[in-house]
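Notes to accompany the following structure.
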């Protein structure tokens, strides 16, 4: 196949060349300065040849350019003209092939057939120069020669901002820096490619750039090093900071490349110009006209300037012909034409009458050129079928038609179509070819038709792929699907509804069938069968109850088709323009691969998000339902739904968020589903039943994800609830309601109690810090418990919770009760206020309360030892003693106070002292090594409310008895009365008994 389908005209043999030659679409475009109009008179190859050979000019020189973008067929036209110029004795034909780019080959071709001493020396010098360099050394030499050329430029020789760049301290310094030179010598840069082609002919179809570009400048920031000389660093910095100077630098390099090449190749000083003049003189004497055919003028750099001067110099001087007439037909790109020297552009305009031949072909929107495209490709397809050997064996230029003896010709031509010349288009058809052209065209010019591009990137790879893929029943293959796609706004996309139906009816072949319908059936508006021949060739079975899609073009007739415009389903009568626009946006997203705009994406996300929330019944496990507003604030957005919640492939501001709860990929079914969602959002009709079912299924499926996200956002996950329950237990302990180790039922009751009825009657024996923290906790406890109830209970609607899910709550509570400390926990926001009094300084708080109780008990026991008997009897005895003292007038001023304190002790439970004593004894006095839970179990319980009153009473009684005893002794000594003596004895006896009991108690300890 590759021996007959050649992308380079010069490679093919004459037989293959003419067998595959398709008349080119050529325009005769008028020159406008250094550019030309893209529109003009359409001409044929014969017109170009005749104009080239017969146009008369006053100078007897003709410079006729053939312009067009790379691959447009310029060299093909040059080759065709050469093949159609008959040999004669009065012509010398010089043909410069684009594949033979070496300077040696160019010079030898130009000087071929001339025997002259001066010319022989030039040949010798060129051979010596090109033989003494390799590509690397030549590239370095070129850089240095460019540096010299720019350093020698005076500021007066240039204008404008270029003056900053020339001279010995300008751009020349960059070309001398070793590191910057290495950047210019990197693979893919202009200089090394130029050097390679300068020394040897081109070995591949890859074209080198014709000139320097911005990418060739060594201006990467990494290039600055400490070794860079200061002047070099200065010009480097100027160029880095001023982009306009970078473009001027590129211009300078391109302008002086020829001079650098001439100096290296010893062609300086006008040697080539002189040699070409001598060649023309010799042929003039022989009466010959020189025909110069140049396939790519840009590739003969280094000699372009002098060559242009030589080939445009007038043949006559003083009325006498001294130089041979010269006709030059040269191919050059449109961009290169714009960059021609002013003198060359002027001479071209003068010699051609102000015209160029333009090969930039455009397929117009009305499919003008479709038949030309079919004819062009069909010739290559036929040549590939016939084969090179058979083509070269034909005579009279006739080309066999392989289709004539094909056993499936009839069905093949009916299904795939046939060109006007009778060549079958299999495996293409007109629709497929047109779409391939658009797929390969530049985005900025989607109607551009470039023959080389079509052959090298379209026809050849598709045929190579199809050869095996069709045999395996796998065409259109994944290769075809990946490399050839529709162009939005140019080619119609297969309606998404058709794609969805294909997925449902033929899932095994869905991708292939979609591609076949899009390319070979021009995207029908309804699902239909491909023509029989295409179905059978591509192994796509017919679908039941469908008609065939007529897609072939009658033999030899032009395709009649409407412009390629996107297919939009007929609008519903009840749909507003806004709704229709939104539906089309979704269609473009699903069918064309366009981006889903933010408005439509948000509509879709909103409907899905709300559906998921509405589906949640908050019963598994039971919790208080979350309303719309609370859900929107708690992580499940319902208004401005973000892609982190509902991710849609290729939606605006979307990168397929990996953490999204819901991820929706682009496919036909999803596209139709989205259309229904858009209608739901707009409260419009036309919603499909299957889409309602899918929405309900999605809502059910993603309900747990929504619930989980809300729970996480509200910090209601199990780990958060465990922390909240622990905070509640610690607060209850601070209030004396629970202690570590209590039955789970008691803990359960306290954990969900807001504490509104709780009292701490033993506040008199609590530290000030304990009571302050208890008050602070109780201020926030109701909110804490409400959150726990809402998270673990069930209410009516969004009302008060009246049932707690004990099955779920009990395990969490047990986990919470494992430790009675918050120091190592991360608190949910809703628990922080209630937890603040229970966190920092928690252990010091417990230790302080322990010491408070221990000290108070010790003070009481110092005055009321364990062996003293019942406390109420003590109060009674003290009361009797005080009455006797009062009768004797020796009670002192504290008597009334003692009576008051005794009255306060009426209900005191003196037995609670033993319980407190027993509890305190369970932990070490210094608390060394004791766990928080052990200390809390001792200090948290509610103690007797009279502990502080007991201490105060004993303290006053002790002081008063001491005073009364001293007074009684004094009266006894003075023998005031028998009663005083009796009282003194009683007081002494009671005092001794009390001291003795204390001693016994201390000994017992």
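No lab work stands behind these numbers, since they all come straight from the coordinates. Just so you know, these numbers come straight off a predicted model, no measurement behind them. FYI the Cβ positions are ideal-geometry reconstructions off the backbone, even for glycines, and counts take in every protein chain you see.
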Starting from the exponent 0.38 and prefactor 2.2 Å, build the expected Rg for the stretch 577-714 from its residue count and divide its actual Cα Rg by it. 1.03
Fully extended, how many nm does the chain gain between residue 389 and residue 832 (0.36 nm per residue separation, minus their Cα-Cα distance)? 150.5 nm
Please give the contour-minus-distance gain from residue 163 to residue 314: 0.36 nm per residue of separation, less the Cα-Cα distance, rounded to one decimal in nm. 50.8 nm
Return the whole-Å distance between the Cα centroid of the stretch 213-251 and the Cα centroid of the stretch 27-96. 42 Å
Given 25 °C and 0.890 mPa s, compute D for the stretch 638-787 with the Stokes-Einstein relation, Rh being the Kirkwood radius over Cα pairs; round to the nearest whole µm²/s. 123 µm²/s
Looking at the chain, what % of its DSSP beta bridges pair antiparallel, to the nearest 5? 40 percent
Taking a ≥ b ≥ c as the square roots of the eigenvalues of the Cα gyration tensor, with a/c under 1.5 meaning rounded and otherwise prolate when a/b exceeds b/c and oblate if not, the stretch 456-531 is oblate
When the helices in the chain are scored as -39500 (n - 2.57) per DSSP H run of 4 or longer and the sum is shared across all residues, what 222 nm value do you end up with, to the nearest 500 deg cm²/dmol? -16500 deg cm²/dmol
Along principal axes, largest first, the alpha-carbon spread of the stretch 820-964 in whole Å comes out as 70, 30, 23
Evaluate the distance, in nm, between pseudo-label points positioned 7 Å from the Cα of residue 54 and of residue 897 along their respective Cα→Cβ axes. 14.4 nm
What whole-number volume per residue, in cubic angstrom, does the convex hull of the C-alpha atoms of the stretch 26-358 give? 144 Å³
Rounded to the nearest whole Å³, what is the per residue volume of the convex hull around the Cα atoms of the stretch 718-840? 105 Å³
Percent relative contact order of the stretch 577-714, based on C-alpha pairs within less than 8 angstrom and at least six residues apart? 32 percent
Angle between the Cα long axis of helix 689-714 and the longest principal axis of the chain, 0 to 90 degrees, nearest 10? 50 degrees
Just to confirm my numbers, what's the Cα centroid distance between the stretch 590-648 and the stretch 307-350 in Å? 72 Å
Once you sort the root eigenvalues of the Cα gyration tensor of the chain as a ≥ b ≥ c, which label holds: rounded (a/c under 1.5), prolate (a/b larger than b/c) or oblate (the other case)? prolate
Rounded if a/c is under 1.5, else prolate if a/b is larger than b/c, else oblate: which is the stretch 239-381, with a ≥ b ≥ c the root eigenvalues of its Cα gyration tensor? oblate
Going by Cα centres, the stretch 748-766 and the stretch 681-697 are how many Å apart? 55 Å
Calculated FRET efficiency for the pair residue 70/residue 176, C-beta based, R₀ 35 Å, to 0.05: 0.55
Neighbouring Cβ atoms within 10 Å as the yardstick, rank 312, 807, 450, 394 fewest first. 807, 394, 312, 450
Could you please rank 380, 928, 614, placing first whichever residue has the fewest other Cβ atoms within 10 Å of its Cβ? 928, 614, 380
Please report, in cubic angstrom per residue, the volume enclosed by the convex hull of the alpha-carbon atoms of the stretch 510-549. 63 Å³
Give the average over all directions of the projected area of the C-alpha convex hull of the stretch 370-537, one decimal, in nm². 10.4 nm²
Helix axis angle, 342-352 relative to the chain longest principal axis, alpha carbon, degrees: 50 degrees
For the stretch 26-358, percent of DSSP beta bridges that are antiparallel (nearest 5) comes out at 35 percent
